[in-house]
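Visitor: Handing you a structure now.
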Amino acid sequence: MKICVASGKGGTGKTTVATSLAASYGEKIQLADCDVETPNAGIFFDDSGRDEENVSLFIPGIDLTKCTGCKECERICRYNALAVVLKSVIVFPELCHSCKGCLYICPENAIYEKEKLIGKITTEKIDNNITLVSGILKTGETSSPRLIDKVQQKLDKETHSIIDSPPGTSCPAVEAMKESDYVILVTEPTPFGLSDLELAVETARLLEKPCGIIVNKNMPEVDIIQKYAQKEGVPILMEIPYSRELAKDYSMGNLVVQTRKELMEEFKTTLENIIRKNEEAAI
Ligand code: SF4
Ligand code: SF4
(Lines give C-alpha, C1' and ligand atoms only; values in the text may rest on other atoms or scores of the structure.)
(Ligands and ions follow the chains in the order given, each with its own letter.)
Protein backbone atom coordinates (compact mmCIF):
# COMPACT_ATOMS: atom_id res chain seq x y z
CA MET A 1 0.00 0.00 0.00
CA LYS A 2 1.15 3.53 -0.78
CA ILE A 3 0.23 6.27 1.67
CA CYS A 4 0.94 9.81 0.59
CA VAL A 5 1.57 12.45 3.26
CA ALA A 6 0.68 15.79 1.71
CA SER A 7 -0.23 19.32 2.72
CA GLY A 8 -1.76 22.30 0.98
CA LYS A 9 1.00 24.52 2.36
CA GLY A 10 4.61 24.15 3.39
CA GLY A 11 5.75 24.13 7.01
CA THR A 12 2.78 22.25 8.46
CA GLY A 13 4.84 19.26 9.65
CA LYS A 14 4.38 16.96 6.67
CA THR A 15 7.90 15.52 6.84
CA THR A 16 7.64 15.18 10.63
CA VAL A 17 4.50 13.08 10.11
CA ALA A 18 5.96 11.01 7.25
CA THR A 19 9.17 10.18 9.14
CA SER A 20 7.28 9.51 12.38
CA LEU A 21 4.89 7.09 10.67
CA ALA A 22 7.80 5.18 9.14
CA ALA A 23 9.78 5.12 12.40
CA SER A 24 6.78 3.98 14.46
CA TYR A 25 5.57 1.14 12.26
CA GLY A 26 8.02 -1.47 13.54
CA GLU A 27 7.88 -3.57 10.37
CA LYS A 28 9.43 -3.33 6.92
CA ILE A 29 8.46 -0.04 5.31
CA GLN A 30 9.72 2.29 2.59
CA LEU A 31 9.86 6.04 3.02
CA ALA A 32 10.02 7.94 -0.27
CA ASP A 33 11.08 11.57 -0.01
CA CYS A 34 9.33 13.03 -3.05
CA ASP A 35 9.74 16.61 -1.89
CA VAL A 36 12.50 16.64 -4.49
CA GLU A 37 13.17 20.40 -4.48
CA THR A 38 13.93 20.39 -0.75
CA PRO A 39 14.33 16.76 0.37
CA ASN A 40 15.09 16.61 4.08
CA ALA A 41 13.58 13.40 5.48
CA GLY A 42 17.13 12.00 5.67
CA ILE A 43 18.09 14.65 8.25
CA PHE A 44 15.92 12.86 10.82
CA PHE A 45 17.89 9.62 10.48
CA ASP A 46 21.52 8.68 11.03
CA ASP A 47 23.45 8.55 7.79
CA SER A 48 24.16 4.86 7.24
CA GLY A 49 25.69 5.07 3.78
CA ARG A 50 23.71 5.37 0.60
CA ASP A 51 23.52 4.26 -3.02
CA GLU A 52 23.27 7.09 -5.50
CA GLU A 53 22.18 7.13 -9.11
CA ASN A 54 21.82 9.97 -11.56
CA VAL A 55 18.47 10.50 -13.28
CA SER A 56 18.46 11.76 -16.86
CA LEU A 57 15.70 12.33 -19.38
CA PHE A 58 15.60 12.19 -23.14
CA ILE A 59 15.99 15.39 -25.12
CA PRO A 60 16.32 15.48 -28.90
CA GLY A 61 19.65 16.04 -30.61
CA ILE A 62 19.51 17.22 -34.22
CA ASP A 63 21.76 16.01 -37.02
CA LEU A 64 21.66 19.06 -39.28
CA THR A 65 23.37 17.17 -42.10
CA LYS A 66 20.18 15.06 -42.43
CA CYS A 67 17.53 17.67 -41.56
CA THR A 68 15.49 19.01 -44.50
CA GLY A 69 13.57 21.59 -42.46
CA CYS A 70 10.23 19.81 -43.02
CA LYS A 71 8.88 20.98 -39.63
CA GLU A 72 7.25 17.62 -38.77
CA CYS A 73 9.00 17.65 -35.40
CA GLU A 74 7.81 21.18 -34.64
CA ARG A 75 4.24 20.23 -35.57
CA ILE A 76 4.07 17.17 -33.33
CA CYS A 77 5.60 18.81 -30.26
CA ARG A 78 2.75 19.85 -27.97
CA TYR A 79 5.11 21.71 -25.69
CA ASN A 80 6.68 24.10 -28.22
CA ALA A 81 10.08 22.69 -27.36
CA LEU A 82 11.28 22.79 -30.97
CA ALA A 83 11.48 25.63 -33.48
CA VAL A 84 12.49 25.05 -37.09
CA VAL A 85 14.10 28.07 -38.69
CA LEU A 86 15.03 27.44 -42.32
CA LYS A 87 17.02 24.17 -42.06
CA SER A 88 18.03 24.69 -38.48
CA VAL A 89 16.17 23.21 -35.49
CA ILE A 90 16.34 24.95 -32.13
CA VAL A 91 15.66 22.76 -29.08
CA PHE A 92 14.40 24.29 -25.82
CA PRO A 93 15.36 21.59 -23.26
CA GLU A 94 13.47 23.24 -20.40
CA LEU A 95 10.19 22.87 -22.35
CA CYS A 96 10.80 19.30 -23.53
CA HIS A 97 8.68 16.59 -21.81
CA SER A 98 10.77 13.72 -23.23
CA CYS A 99 7.81 12.14 -25.05
CA LYS A 100 10.07 11.18 -28.01
CA GLY A 101 7.33 12.15 -30.48
CA CYS A 102 9.82 14.13 -32.55
CA LEU A 103 12.28 11.22 -32.57
CA TYR A 104 9.69 8.87 -34.08
CA ILE A 105 8.09 11.34 -36.51
CA CYS A 106 11.24 12.64 -38.19
CA PRO A 107 11.17 11.25 -41.76
CA GLU A 108 14.92 11.75 -42.22
CA ASN A 109 16.19 10.12 -39.00
CA ALA A 110 17.76 13.47 -38.27
CA ILE A 111 16.84 13.30 -34.57
CA TYR A 112 18.92 11.27 -32.15
CA GLU A 113 18.79 10.65 -28.41
CA LYS A 114 20.55 12.98 -25.99
CA GLU A 115 20.27 13.02 -22.21
CA LYS A 116 19.52 15.83 -19.80
CA LEU A 117 20.52 15.29 -16.16
CA ILE A 118 17.63 16.31 -13.88
CA GLY A 119 18.80 15.06 -10.51
CA LYS A 120 19.61 11.96 -8.54
CA ILE A 121 18.01 9.32 -6.36
CA THR A 122 19.60 8.07 -3.16
CA THR A 123 18.64 4.84 -1.39
CA GLU A 124 19.56 4.25 2.26
CA LYS A 125 18.90 1.35 4.61
CA ILE A 126 18.11 3.25 7.79
CA ASP A 127 17.75 0.11 9.91
CA ASN A 128 16.31 -3.39 9.55
CA ASN A 129 12.86 -1.97 8.82
CA ILE A 130 13.14 1.39 7.07
CA THR A 131 14.46 2.02 3.57
CA LEU A 132 14.62 5.67 2.61
CA VAL A 133 14.50 6.58 -1.09
CA SER A 134 15.04 10.29 -1.80
CA GLY A 135 14.78 12.30 -4.99
CA ILE A 136 17.10 15.29 -5.26
CA LEU A 137 16.31 17.69 -8.08
CA LYS A 138 19.24 19.38 -9.79
CA THR A 139 19.38 23.08 -8.96
CA GLY A 140 17.53 25.13 -11.56
CA GLU A 141 15.68 22.09 -12.98
CA THR A 142 11.92 22.26 -13.51
CA SER A 143 11.18 18.57 -14.11
CA SER A 144 10.23 17.65 -10.55
CA PRO A 145 7.19 15.51 -11.55
CA ARG A 146 9.47 13.34 -13.72
CA LEU A 147 11.90 12.81 -10.85
CA ILE A 148 9.04 12.06 -8.44
CA ASP A 149 7.80 9.43 -10.89
CA LYS A 150 11.30 7.88 -11.00
CA VAL A 151 11.49 7.79 -7.18
CA GLN A 152 8.17 5.96 -7.03
CA GLN A 153 9.33 3.48 -9.66
CA LYS A 154 12.18 2.51 -7.28
CA LEU A 155 9.75 1.31 -4.60
CA ASP A 156 9.11 -2.36 -4.01
CA LYS A 157 5.37 -2.96 -4.59
CA GLU A 158 5.23 -5.75 -1.99
CA THR A 159 6.27 -3.42 0.84
CA HIS A 160 4.16 -0.61 2.31
CA SER A 161 5.38 2.86 1.38
CA ILE A 162 5.05 6.31 2.92
CA ILE A 163 5.35 9.04 0.30
CA ASP A 164 6.50 12.43 1.58
CA SER A 165 4.87 14.70 -1.02
CA PRO A 166 5.95 18.19 -2.04
CA PRO A 167 3.67 20.82 -0.47
CA GLY A 168 0.90 22.51 -2.45
CA THR A 169 -1.59 21.22 -4.98
CA SER A 170 0.21 21.74 -8.30
CA CYS A 171 1.82 19.17 -10.64
CA PRO A 172 4.55 17.87 -8.26
CA ALA A 173 2.05 17.22 -5.45
CA VAL A 174 -0.41 15.60 -7.86
CA GLU A 175 2.39 13.37 -9.19
CA ALA A 176 3.19 12.25 -5.63
CA MET A 177 -0.49 11.59 -4.81
CA LYS A 178 -1.76 10.00 -7.98
CA GLU A 179 -0.37 6.47 -7.44
CA SER A 180 -1.24 6.41 -3.74
CA ASP A 181 -3.97 4.37 -2.10
CA TYR A 182 -4.58 6.89 0.67
CA VAL A 183 -3.69 10.53 1.31
CA ILE A 184 -2.91 11.93 4.75
CA LEU A 185 -3.30 15.71 4.75
CA VAL A 186 -1.27 17.50 7.40
CA THR A 187 -2.47 20.90 8.49
CA GLU A 188 -2.36 23.35 11.37
CA PRO A 189 -5.25 25.16 13.07
CA THR A 190 -4.89 28.58 11.45
CA PRO A 191 -6.98 30.32 8.76
CA PHE A 192 -4.04 29.78 6.37
CA GLY A 193 -3.84 26.10 7.24
CA LEU A 194 -7.59 25.72 6.71
CA SER A 195 -7.57 27.55 3.38
CA ASP A 196 -4.79 25.35 1.99
CA LEU A 197 -6.35 22.22 3.48
CA GLU A 198 -9.54 22.93 1.53
CA LEU A 199 -7.51 22.97 -1.70
CA ALA A 200 -5.69 19.79 -0.73
CA VAL A 201 -8.94 17.95 0.06
CA GLU A 202 -10.33 19.11 -3.29
CA THR A 203 -7.20 17.76 -5.03
CA ALA A 204 -7.44 14.37 -3.30
CA ARG A 205 -11.11 14.17 -4.27
CA LEU A 206 -10.36 15.07 -7.89
CA LEU A 207 -7.88 12.19 -7.91
CA GLU A 208 -10.52 9.98 -6.21
CA LYS A 209 -8.21 9.22 -3.27
CA PRO A 210 -9.57 8.52 0.20
CA CYS A 211 -8.05 10.97 2.64
CA GLY A 212 -7.84 11.89 6.31
CA ILE A 213 -6.41 14.78 8.29
CA ILE A 214 -3.63 15.03 10.86
CA VAL A 215 -3.79 18.30 12.77
CA ASN A 216 -0.34 19.44 13.80
CA LYS A 217 0.20 22.05 16.55
CA ASN A 218 -3.34 21.33 17.70
CA MET A 219 -4.84 23.62 20.34
CA PRO A 220 -8.04 22.42 22.04
CA GLU A 221 -9.44 25.96 22.11
CA VAL A 222 -9.15 26.33 18.29
CA ASP A 223 -11.42 23.95 16.39
CA ILE A 224 -11.64 25.39 12.87
CA ILE A 225 -10.08 22.27 11.33
CA GLN A 226 -12.32 19.91 13.31
CA LYS A 227 -15.44 21.85 12.24
CA TYR A 228 -14.35 21.79 8.59
CA ALA A 229 -13.56 18.06 8.78
CA GLN A 230 -16.98 17.31 10.24
CA LYS A 231 -18.75 19.41 7.61
CA GLU A 232 -16.85 17.70 4.77
CA GLY A 233 -16.95 14.20 6.24
CA VAL A 234 -13.15 13.87 6.28
CA PRO A 235 -11.84 11.90 9.28
CA ILE A 236 -9.39 13.44 11.73
CA LEU A 237 -6.77 10.72 12.07
CA MET A 238 -4.65 12.28 14.77
CA GLU A 239 -4.03 15.52 16.65
CA ILE A 240 -0.45 16.42 17.53
CA PRO A 241 -0.49 18.89 20.41
CA TYR A 242 1.01 22.35 20.13
CA SER A 243 4.16 22.02 22.21
CA ARG A 244 7.32 24.02 22.63
CA GLU A 245 9.18 20.79 23.41
CA LEU A 246 8.12 19.17 20.12
CA ALA A 247 9.18 22.29 18.21
CA LYS A 248 12.55 22.12 19.97
CA ASP A 249 13.00 18.46 19.02
CA TYR A 250 12.16 19.28 15.41
CA SER A 251 14.57 22.21 15.28
CA MET A 252 17.35 19.90 16.54
CA GLY A 253 16.62 17.43 13.72
CA ASN A 254 15.31 14.80 16.14
CA LEU A 255 12.52 12.38 15.32
CA VAL A 256 9.68 13.42 17.61
CA VAL A 257 8.64 9.80 18.17
CA GLN A 258 12.05 8.95 19.59
CA THR A 259 11.77 11.50 22.35
CA ARG A 260 7.96 11.18 22.81
CA LYS A 261 7.16 7.51 23.14
CA GLU A 262 3.43 8.21 23.61
CA LEU A 263 3.35 9.75 20.11
CA MET A 264 5.09 6.69 18.67
CA GLU A 265 2.18 4.49 19.79
CA GLU A 266 -0.33 6.94 18.29
CA PHE A 267 1.46 7.11 14.94
CA LYS A 268 1.74 3.32 14.81
CA THR A 269 -1.98 2.87 15.52
CA THR A 270 -2.89 5.51 12.92
CA LEU A 271 -0.83 3.79 10.25
CA GLU A 272 -2.08 0.31 11.15
CA ASN A 273 -5.70 1.52 10.97
CA ILE A 274 -5.19 2.98 7.50
CA ILE A 275 -3.56 -0.23 6.26
CA ARG A 276 -6.27 -2.41 7.82
CA LYS A 277 -9.12 -0.36 6.31
CA ASN A 278 -7.44 -0.47 2.91
CA GLU A 279 -7.12 -4.25 3.14
CA GLU A 280 -10.77 -4.59 4.22
CA ALA A 281 -11.89 -2.37 1.32
CA ALA A 282 -9.95 -4.56 -1.12
CA ILE A 283 -11.77 -7.76 -0.04
S1 SF4 B 1 11.32 16.39 -38.55
FE2 SF4 B 1 13.46 15.90 -38.87
S3 SF4 B 1 13.91 16.60 -40.92
FE4 SF4 B 1 12.00 17.57 -40.33
S5 SF4 B 1 12.63 19.55 -39.46
FE6 SF4 B 1 12.51 18.11 -37.77
S7 SF4 B 1 14.59 17.31 -37.55
FE8 SF4 B 1 14.46 18.27 -39.57
S1 SF4 C 1 10.56 14.76 -26.98
FE2 SF4 C 1 8.41 15.42 -27.11
S3 SF4 C 1 8.35 17.24 -25.87
FE4 SF4 C 1 10.50 16.88 -26.30
S5 SF4 C 1 10.93 18.08 -28.11
FE6 SF4 C 1 10.37 16.03 -28.81
S7 SF4 C 1 8.17 16.13 -29.21
FE8 SF4 C 1 8.70 17.92 -27.96
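The values are calculated or read from the model by the stated rules, or taken from the named source; none is laboratory data. Please read all numbers here as calculations on a predicted model, not as lab measurements. Cβ: placed from backbone, ideal geometry, glycine included. Neighbour counts: every protein chain shown. Ligands, DNA and RNA are stripped out before the accessible areas are found, and what is left, the full protein with its side chains, is counted by its heavy atoms. Shrake-Rupley method; radii C 1.70, N 1.55, O 1.52, S 1.80 Å.
Visitor: Has the stretch 120-131 got any residue that is surrounded by fewer than 16 Cβ atoms within 10 Å (Cβ to Cβ), touching a residue at least 12 places away in the same chain (Cβ under 8 Å) and touching a Gly at 6+ places or on another chain (Cβ under 9 Å)?
Guide: Yes, the stretch 120-131 contains at least one residue that is surrounded by fewer than 16 Cβ atoms within 10 Å (Cβ to Cβ), touching a residue at least 12 places away in the same chain (Cβ under 8 Å) and touching a Gly at 6+ places or on another chain (Cβ under 9 Å).
Visitor: With the requirement that a residue be open to solvent by 50 Å² or more (accessible area, probe 1.4 Å) and among the β-branched types (Val, Ile, Thr), what does the stretch 39-66 give you?
Guide: The initial filter retains those residues of the stretch 39-66 that are open to solvent by 50 Å² or more (accessible area, probe 1.4 Å), namely 40, 43, 46-48, 50-54, 64-66.
Those that are open to solvent by 50 Å² or more (accessible area, probe 1.4 Å) and among the β-branched types (Val, Ile, Thr): ILE43, THR65.
Visitor: So, one more: Just checking, which of ILE236, ILE214 is β-branched (Val, Ile, Thr), in the same structural domain as LEU155 (by TED's automatic domain parsing) and free of Cβ contacts under 8 Å to residues at least 60 places away in the same chain?
Guide: It is ILE236.
Visitor: If we keep just the residues of the stretch 45-66 that are within 16 Å of ligand 2 (Cβ to nearest atom) and in contact with a helix residue (DSSP H, G or I) (Cβ under 9 Å, 6 or more places away or on another chain), which is farthest from LEU147 (Cα to Cα)?
Guide: Top of the filtered list is ILE62.
Visitor: Another question, if that's okay. Restricting to the stretch 21-79, name every residue that is of a type in the set (Lys, Arg) and either in a helix (DSSP H, G or I) or within 11 Å of ligand 1 (Cβ to nearest atom) (or both).
Guide: Result: LYS66, LYS71, ARG75.
Visitor: Sticking with this one: Being free of Cβ contacts under 8 Å to residues at least 24 places away in the same chain and either in contact with a Gly (Cβ under 7 Å, 6 or more places away or on another chain) or within 14 Å of ligand 1 (Cβ to nearest atom) (or both) is the requirement here; does ALA83 meet it?
Guide: Yes.
Visitor: Exactly one condition in (1) assigned to a strand (DSSP E or B); (2) open to solvent by less than 70 Å² (accessible area, probe 1.4 Å) is false for GLU113; which is it?
Guide: Result: GLU113 fails condition (2) only.
Visitor: If we keep just the residues of the stretch 135-188 that are of a type in the set (D, E, K, R) and free of Cβ contacts under 8 Å to residues at least 24 places away in the same chain, which is least open to solvent (accessible area, probe 1.4 Å)?
Guide: Narrowing the stretch 135-188 to residues of a type in the set (D, E, K, R): 138, 141, 146, 149-150, 154, 156-158, 164, 175, 178-179, 181, 188.
Going one step further and asking which of them are free of Cβ contacts under 8 Å to residues at least 24 places away in the same chain, we end up with 138, 141, 157-158.
Working: LYS138: 97, GLU141: 36, LYS157: 177, GLU158: 161 Å².
Among those that are of a type in the set (D, E, K, R) and free of Cβ contacts under 8 Å to residues at least 24 places away in the same chain, it is GLU141.
Rundown of residues vs (1) assigned by TED's automatic domain parsing to the domain that holds SER134; (2) crowded, with 23+ Cβ neighbours inside 10 Å; (3) small (Gly, Ala, Ser), yes/no style:
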| position | (1), (2), (3) |
| --- | --- |
| ALA22 | yes, yes, yes |
| TYR25 | yes, no, no |
| LYS28 | yes, no, no |
| GLU37 | yes, no, no |
| THR68 | no, no, no |
| CYS73 | no, yes, no |
| CYS77 | no, no, no |
| CYS102 | no, yes, no |
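Visitor: Restricting to the stretch 239-274, and then to whatever is free of Cβ contacts under 8 Å to residues at least 40 places away in the same chain and aliphatic (A, V, I, L, M), can you tell me which residue is farthest from THR187 (Cα to Cα)?
Guide: Filtering the stretch 239-274 for residues that are free of Cβ contacts under 8 Å to residues at least 40 places away in the same chain and aliphatic (A, V, I, L, M), the one farthest from THR187 (Cα to Cα) comes out as MET252.
Visitor: Return only the number of the condition from (1) under 23 Å from ILE213 (Cβ atoms); (2) within 16 Å of ligand 2 (Cβ to nearest atom); (3) hydrophobic (A, V, I, L, M, F, W, C) that ILE29 does not satisfy.
Guide: (2)
Visitor: Further question on the same structure: For PRO93, only one of the following conditions fails: (1) under 30 Å from ILE126 (Cβ atoms); (2) open to solvent by less than 70 Å² (accessible area, probe 1.4 Å); (3) part of a loop (DSSP other than H, G, I, E, B). What is its number?
Guide: (1)
Visitor: Go through (1) at pLDDT 95 or above; (2) within 28 Å of ALA282 (Cβ to Cβ) and name the single condition ASN129 misses.
Guide: (1)
Visitor: Which one of these is within 16 Å of ligand 2 (Cβ to nearest atom), at pLDDT below 95 and under 29 Å from GLY49 (Cβ atoms): GLU141, GLU124, GLU175, GLU179? If you could, list the steps in order and put the result at the bottom.
Guide: Details: GLU124 fails: within 16 Å of ligand 2 (Cβ to nearest atom); GLU175 fails: within 16 Å of ligand 2 (Cβ to nearest atom); GLU179 fails: within 16 Å of ligand 2 (Cβ to nearest atom).
None of the other options fit; the residue is GLU141.
Visitor: Here are some conditions: (1) away from ligand 1 (no atom under 16 Å from the Cβ); (2) out of contact with any Cys (no Cβ under 9 Å at 6 or more places or on another chain). TYR104 meets all but one. Which one does it not meet?
Guide: Result: TYR104 fails condition (1) only.
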